[in-house]
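Colleague: Here you go, one structure.
The values are calculated or read from the model by the stated rules, or taken from the named source; none is laboratory data. What you see is a predicted model, and the numbers here were worked out from it, not measured in a lab. So basically every Cβ, Gly included, is an ideal-geometry build from the backbone, and we count neighbours across all protein chains shown.
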């Protein structure tokens, strides 16, 4: 079972995207997880600019911003109950596996 999934709310805990003054502001929703590269794409974080040529799919072209990737080790899942970044544990309940917050023991799934 994976500890980080698409749709989870995460917080950046280290790296260039971490905010020094207000640490709780750098949060976002996971759009894509690349397990092989160990990277995650987060909505609204690490925006990179790409120069696009005019094509039939994008007739305007120009400079567009899109989210880049962040290393998996630099993010943590935010618990919905305690609203803090936390480590994730996995608990077997019968046949199913459930993810839970290690701080407040609340289910994440």
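Colleague: Could we say that residue 5 is in contact (Cβ under 8 Å) with a residue 12 or more places away in the chain and either surrounded by 14 or more Cβ atoms within 10 Å (Cβ to Cβ) or out of contact with any strand residue (DSSP E or B) (no Cβ under 6 Å at 6 or more places or on another chain) (or both) here?
Modeller: So residue 5 fits the description; yes.
Colleague: If you don't mind, there's one more thing I want to ask. Tell me yes or no: at least one residue of region 39-59 is surrounded by 12 or more Cβ atoms within 10 Å (Cβ to Cβ), at pLDDT 90 or above and in contact with a helix residue (DSSP H, G or I) (Cβ under 8 Å, 6 or more places away or on another chain).
Modeller: yes
Colleague: Now, a different point. Pick from region 92-101 the residues that are outside any loop (DSSP other than H, G, I, E, B) and without any contact (Cβ under 8 Å) to a residue 40 or more places away in the chain: which of them is surrounded by the most Cβ atoms within 10 Å (Cβ to Cβ)?
Modeller: 101
Colleague: Which numbered condition in (1) under 20 Å from residue 7 (Cβ atoms); (2) over 15 Å from the mean Cα position of the chain (by Cα); (3) outside any loop (DSSP other than H, G, I, E, B) is the only one that residue 32 fails?
Modeller: Unmet for residue 32, out of (1) under 20 Å from residue 7 (Cβ atoms); (2) over 15 Å from the mean Cα position of the chain (by Cα); (3) outside any loop (DSSP other than H, G, I, E, B): (2).
A quick yes/no check of all residues on (1) out of contact with any strand residue (DSSP E or B) (no Cβ under 6 Å at 6 or more places or on another chain); (2) free of Cβ contacts under 8 Å to residues at least 60 places away in the same chain; (3) assigned to a strand (DSSP E or B):
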site: 10; (1), (2), (3): no, no, yes
site: 14; (1), (2), (3): yes, no, no
site: 40; (1), (2), (3): no, yes, yes
site: 44; (1), (2), (3): no, yes, no
site: 49; (1), (2), (3): no, yes, yes
site: 54; (1), (2), (3): yes, yes, no
site: 83; (1), (2), (3): yes, yes, no
site: 90; (1), (2), (3): no, no, yes
site: 103; (1), (2), (3): no, yes, no
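Colleague: Can you find a residue that is closer than 19 Å to residue 100 by Cα, loosely packed, with under 11 Cβ neighbours inside 10 Å and at pLDDT 85 or above anywhere in region 13-35?
Modeller: no
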